[in-house]
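Below: the structure, in structure tokens.
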Amino acid sequence: MHTRVLKIPERDLGKFKENEGYEKLKSWEVSQTQSSSLEILHEAAEYLRTKDTPVAFPTETVYGLGADATRSCAVRGIYTAKRRPADNPLIIHISDLDMLRNVLVPVNTTNGTTNGTANGTIKGTTDTVHDRIPEIYKPLIERFWPGPLTILLPNPTPSKLAPEVTAGLKTFGVRMPKSPLALSLIKLTGAPLAAPSANASTKPSPTTAEHVLEDLDGRIELILDGGSCHVGVESTVVDGLCDPPLILRPGGVSIDELRSCAGWEKIEKGYKDQSELGKAAPRAPGMKYKHYSPKAKVVLYEATFAAAKDGVQAEDFEAFVQDRQSQQDLRVGIIRTRYWKPAAGLRCGDFEKRETVKTETTQESQDTSELDVQETALYDTTSGASIGKLMDISIGADTRSIAQGLFSALRELDRRGADIIFVEGTVDDEDIGAAVMNRLRKAATRIRS
Ligand code: TXA
Ligand code: MG
């Protein structure tokens, strides 16, 4: 299968027509889109309606691997391309609230049509049923959609969604992405798109089209390239159907932001991080799998680890060298956040080779999507002999920039052949720090806490 990467610059995309308040989400207009980009979008939408191989597209969180959520064959194509376990449900992406309301209405089994119209009017009666979107979610929808928040809703029976989407669960996860490209694509397809992250299962999620190509070249036909993702970690998944409501996966919306919404003051953490994992099965099935892992070993320093601010501990480096059983050609990666100095305390030469790895962004805003990679020779502390190479990346001090650069940095160090990556962690309770640390704990082979 030949994989094509098609560029759609964000500046080419039209504006979306918004109304006021909650209903602002009702109608998105793909207007004024530059014709060459619009053609690509139409081609991709047609492909999604008719073919069974998924299409990769950018969202504001990470790249997604999309398929028409109402067609079983198409949804199965996602599991095949990703090599994803079939018991891990997918979330669906909608372009407007009417599309969601339509999914919430059961299919009429006698004539195969919807039992009611999208806005909730039962056919043949004058009754308008209540809006099937549960009240509890309305403040969240108003505040965070379109955006990085996934909510769980009851799946009607019979449902329009292919059973493969929900993997046998009675609920489905849904979000309205913020990316205009994603919204245009869903709108033109005219159906909700099931889309997990567009990486091969267990790899770090992709935040650029190149990352998708690295993992899925030859396994899919179309990758829409809209530049790099602004958030960089996946959406927050919440369950408001239980009391108290639960956060099932930390992500691009923080727990504090959720807590400030009416009805969500008592939200609890419904997931366990690696360090706390007991025998209990996680509520979001995807949380139990190995995830986000580069080929290199990852040693994570928790921000709470007393010596964390000093950099890499000598004994950790010794342990790595012993493990490698060699003092030659070592390739050591460093990912720094707030406190670590370049090289994180390891002995090395001057950082003469400095490179900015540009991940092309089509956004005209100030978003940085550049990785500053510095390479230098690494020396043995006692003999002074050169023993390999050090690759050092700083991804910023605040949790938003750490989130944006994290997966890129892990992938970049893998590309450069790192044997081990030492990572400076951040604190859980600052903004989206919980999401960053959750991903890092899953990627880590060893956690220093
Ligand atoms: O930001 C995102 O959410 C990205 C982009 C592409 O939108 N998508 C994404 O999808 O991360 P995925 O499939 O990789 O992750 C969805 C998570 C998984 O942990 C899954 O187990 C959980 O949501 N999930 C989906 N449906 C669920 C359900 N009905 N009940 C509980 N957990 C569910
Ligand atoms: Mg994923």
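Let's see how each residue does on (1) closer than 22 Å to residue 292 by Cα; (2) in contact (Cβ under 8 Å) with a residue 24 or more places away in the chain; (3) in the same structural domain as residue 65 (by TED's automatic domain parsing):
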| site | (1), (2), (3) |
| --- | --- |
| 163 | no, yes, yes |
| 178 | no, yes, yes |
| 206 | yes, yes, yes |
| 215 | yes, no, yes |
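If I ask for residues that are at pLDDT 95 or above, under 23 Å from residue 232 (Cα atoms) and not hydrophobic (A, V, I, L, M, F, W, C), which ones from the range 178-192 would you list?
Within the range 178-192, just 192 meets the criteria.
Specify the residue that is modelled with the highest pLDDT; the eligible residues are those in the range 69-85 that are under 19 Å from the mean Cα position of the chain (by Cα) and farther than 16 Å from residue 219 by Cα.
Among residues in the range 69-85 that are under 19 Å from the mean Cα position of the chain (by Cα) and farther than 16 Å from residue 219 by Cα, the one modelled with the highest pLDDT is 69.
What is the one condition in (1) within 16 Å of ligand 2 (Cβ to nearest atom); (2) touching a helix residue (DSSP H, G or I) at 6+ places or on another chain (Cβ under 8 Å) that residue 255 does not satisfy?
Looking at each condition in turn, residue 255 falls short on (1).
Among the residues in the range 131-152, are any in contact (Cβ under 8 Å) with a residue 24 or more places away in the chain, buried (at least 24 other Cβ atoms within 10 Å of the Cβ), touching a Phe, Trp or Tyr at 6+ places or on another chain (Cβ under 8 Å) and not in a loop (DSSP other than H, G, I, E, B)?
Yes - at least one qualifying residue is present in the range 131-152.
Within the range 346-386, can you find the residues that are among the basic types (Lys, Arg) and at pLDDT below 85?
Within the range 346-386, 353, 354, 358 qualify.
Among the residues of the range 204-213, write down those that are out of contact with any Pro (no Cβ under 7 Å at 6 or more places or on another chain), in a loop (DSSP other than H, G, I, E, B) and not β-branched (Val, Ile, Thr).
205, 206
With respect to residue 103, determine if the residue is outside any strand (DSSP E or B), modelled with pLDDT of 95 or more, within 12 Å of ligand 1 (Cβ to nearest atom) and of a type in the set (A, V, I, L, M).
no
Just name the residue that is surrounded by the fewest Cβ atoms within 10 Å (Cβ to Cβ) out of those in the range 79-101 that are within 15 Å of ligand 2 (Cβ to nearest atom) and among the β-branched types (Val, Ile, Thr).
Only one residue fits best here, namely 91.
Does any residue in the range 423-442 that is closer than 10 Å to residue 403 by Cα come within less than 8 Å, Cβ to Cβ, of a residue that is aromatic (Phe, Trp, Tyr) and at pLDDT below 95 six or more places away or on a different chain, and which pairs are these?
What qualifies is 439/292.
Got a sec? Which of 84, 76 is closer than 17 Å to residue 172 by Cβ and part of a loop (DSSP other than H, G, I, E, B)?
Only one candidate passes the filter, namely 84.
Would you please name the residue that is nearest to ligand 1 (Cβ to nearest atom), looking only at residues in the range 158-203 that are crowded, with 24+ Cβ neighbours inside 10 Å, within 17 Å of the chain's Cα centre (by Cα) and assigned to a helix (DSSP H, G or I)?
Residue satisfying both the conditions and the ranking: 182.
Determine which member of the set 46, 29 is of a type outside the set (A, V, I, L, M) and either modelled with pLDDT of 95 or more or assigned to a helix (DSSP H, G or I) (or both).
After applying the criteria, what remains is 46.
The values are calculated or read from the model by the stated rules, or taken from the named source; none is laboratory data. This one's a predicted model, so the numbers in the text were calculated from it and none came from an experiment. Every residue, glycine among them, receives a Cβ derived from its backbone with ideal geometry; neighbour counts consider all protein chains shown.
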